Amino acid sequence: MTPGRIYTVVIDTSDFRNGLSIIQDNEIYTIIEFQHVKPGKGGAFVRTKLKNVRTGAVLDKTFRAGERMEQARLERRPMQFLYSQDDEYYLMDNTTFEQITVSKAQFGDAVKYLKDGMEVTVIDHNGTIIGAEVPYFVELEVVETEPDMRGDTASGGSKPATLETGAVIQVPFFVNVGTRVKVDTRTDSYLERVK
C-alpha cells in the first residue's frame, strides 16, 4: 500500500448491514435498515432505507441482489462544542486542542439541542468533514412552559416546553420550569425527568 493514497472498497448487497455507509450517486448514505427479498418469479433484490449523511434525508432504495457499489469509509471522532457565531459552529478536539468550524447545515435539525461544552461527533470522509452529530440523548433544563394544572396528570396529555437551548418539545403536564429532562434528539421526544 502506498502511504497517503486512498483505496476504495467495493462491496455488494450480501455485505449490507445496518450502519454500513455506501456511496450512491456521489452522495454518502448510511444503511438504516435492509431486507433481502426472493420473489417466486424474477431475480432477488434488496430493499433498503438509506440516510444521507450530509443532509439527513431518508430514502427508500431497491438494489438487485449482488449489485456492487463503493463502501464509504467514515471516521467518527468526538469533539467539544465551544460556541457559535452566525451559522458557524466552533469545535475543539480534546486530545490535540485543534479547532475547526462546521456549518449549521452539517448538524441538521438537531443543532437546536447544542449547548456550550457539549461533546459532539464529527464525521470525516477522506479528510473532509461531511457532517456533525449531537448525542442521541441529552439532558436539558425546561425554561418555559405552562404551569402544572391539577387533574391534568391523569389524562396523560402533554404541553409544549422550551428548553435552555431554545428547542421546543412536548412534555407531560407535571413537568415545570426548572425541571431537567432527558430528550431523544433523533425524535424530538421527552423521555424522562432527570433527578
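The values are calculated or read from the model by the stated rules, or taken from the named source; none is laboratory data. These figures come from a predicted structure and were not determined experimentally. Positions of Cβ are backbone-derived with ideal geometry, glycine not excepted, and every protein chain shown enters the neighbour counts.
Can you give me the number of residues within the stretch 112-125 that are part of a helix (DSSP H, G or I) and surrounded by fewer than 16 Cβ atoms within 10 Å (Cβ to Cβ)?
0
Got a sec? Which of GLU67, GLU119 is modelled with pLDDT of 90 or more and touching a Pro at 6+ places or on another chain (Cβ under 6 Å)?
Numbers: GLU67 fails: touching a Pro at 6+ places or on another chain (Cβ under 6 Å).
Every option except GLU119 fails the conditions.
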Requested in this report: Can you give me the number of residues within the stretch 11-35 that are more than 24 Å from the chain's Cα centre (by Cα) and exposed (fewer than 13 other Cβ atoms within 10 Å of the Cβ)?
Outcome: 1
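Would you say PHE174 is more than 25 Å from THR55 (Cβ to Cβ) and loosely packed, with under 14 Cβ neighbours inside 10 Å? Talk me through it step by step, then tell me what you get.
Working: more than 25 Å from THR55 (Cβ to Cβ): yes; loosely packed, with under 14 Cβ neighbours inside 10 Å: yes.
Answer is yes for this residue.
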Query raised in the report: Out of all the residues in the stretch 63-111, which are in contact with a His (Cβ under 6 Å, 6 or more places away or on another chain) and exposed (fewer than 14 other Cβ atoms within 10 Å of the Cβ)?
Result: none
Report summary line: Of (1) in a strand (DSSP E or B); (2) within 17 Å of the chain's Cα centre (by Cα); (3) surrounded by 15 or more Cβ atoms within 10 Å (Cβ to Cβ), ARG54 satisfies every one except (1)
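Does ASP188 qualify as being exposed (fewer than 14 other Cβ atoms within 10 Å of the Cβ) and either closer than 26 Å to ILE28 by Cβ or hydroxyl-bearing (Ser, Thr, Tyr) (or both)? Write out each step before concluding.
Values: exposed (fewer than 14 other Cβ atoms within 10 Å of the Cβ): no; either closer than 26 Å to ILE28 by Cβ or hydroxyl-bearing (Ser, Thr, Tyr) (or both): yes.
Answer is no for this residue.
Against the condition surrounded by 14 or more Cβ atoms within 10 Å (Cβ to Cβ), in contact with a helix residue (DSSP H, G or I) (Cβ under 7 Å, 6 or more places away or on another chain), more than 30 Å from ILE22 (Cα to Cα) and touching a residue at least 40 places away in the same chain (Cβ under 8 Å), how does ALA132 come out, does it pass? Before you say what the answer is, go through the steps one by one.
On the way: surrounded by 14 or more Cβ atoms within 10 Å (Cβ to Cβ): yes; in contact with a helix residue (DSSP H, G or I) (Cβ under 7 Å, 6 or more places away or on another chain): yes; more than 30 Å from ILE22 (Cα to Cα): no; touching a residue at least 40 places away in the same chain (Cβ under 8 Å): yes.
No: the conditions fail for ALA132.
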Query - Looking only at the stretch 61-102, and only at residues there that are among the acidic types (Asp, Glu) and not in a loop (DSSP other than H, G, I, E, B), the one that is farthest from ILE22 (Cα to Cα) - result: GLU88
Report summary line: The residue from GLY166, GLY151 that alone is surrounded by fewer than 18 Cβ atoms within 10 Å (Cβ to Cβ), at positive phi and at pLDDT below 90 is GLY151
**Report entry** Given (1) closer than 20 Å to VAL58 by Cα; (2) in contact with an Asp or Glu (Cβ under 9 Å, 6 or more places away or on another chain), number of the condition GLU133 does not satisfy
**Finding:** (2)
